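The values are calculated or read from the model by the stated rules, or taken from the named source; none is laboratory data. All of these numbers come straight from a predicted model, not from anything done at the bench. Every residue, glycine among them, receives a Cβ derived from its backbone with ideal geometry; neighbour counts consider all protein chains shown.
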Amino acid sequence: MIVKRIAIAGAILAASLPLLAQADGDPVQGRRSAETCLGCHGIENYKNVYPTYPVPRLCGQNAQYFVDALRAYTVGDRPHNTMHAQAATLSEADIKDMAAFFADPAYCNEGK
């Protein structure tokens, strides 16, 4: 009986983990900060000119992944000249706000 209760508690905890990983930024401010990003990342099936590759849509992206990726672009751990130039202009608050914006489809899909 106790094993069954532990299994149920574990399942409930696992199901709630995505809810615990919410961004701590302001999605409304993030929308303002993300205007430049949406020029490429907000267009369905957009491809970069050179080298040609698909540009990922960011709406619905995990907030922590977004923060980690922008930090990596900022310091050069992720090599991409355009993204480095964009990320280097952002404050930590900008990054967290944008992460909150892109992580919440209710906000980032409205300008679709």
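The table that follows gives values for the structure above.
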read-out	value
Only one of ALA106, ALA100 that is surrounded by fewer than 17 Cβ atoms within 10 Å (Cβ to Cβ) and part of a helix (DSSP H, G or I)	ALA106
Residues within segment 47-62 that are in contact with a Pro (Cβ under 7 Å, 6 or more places away or on another chain) and either in a loop (DSSP other than H, G, I, E, B) or surrounded by 13 or more Cβ atoms within 10 Å (Cβ to Cβ) (or both), tallied	2
Looking only at segment 63-80, and only at residues there that are of a type outside the set (Gly, Ala, Ser) and assigned to a loop (DSSP other than H, G, I, E, B), the one that is surrounded by the fewest Cβ atoms within 10 Å (Cβ to Cβ)	PRO79
Any pair with Cβ under 8 angstrom, 6 or more apart, that starts in segment 75-91 at a residue that is at pLDDT 90 or above and ends at one that is acidic (Asp, Glu) and surrounded by 13 or more Cβ atoms within 10 Å (Cβ to Cβ)	none
Cβ-Cβ under 8 Å pairs, at least 6 apart or on other chains, segment 93-109 side closer than 15 Å to GLY42 by Cα, far side outside any loop (DSSP other than H, G, I, E, B) and basic (Lys, Arg)	PHE101/ARG31; TYR107/ARG31; CYS108/ARG31
Filter result (in contact with a helix residue (DSSP H, G or I) (Cβ under 6 Å, 6 or more places away or on another chain) and of a type in the set (Asp, Glu)) within segment 68-112	ASP94, ASP97, ASP104
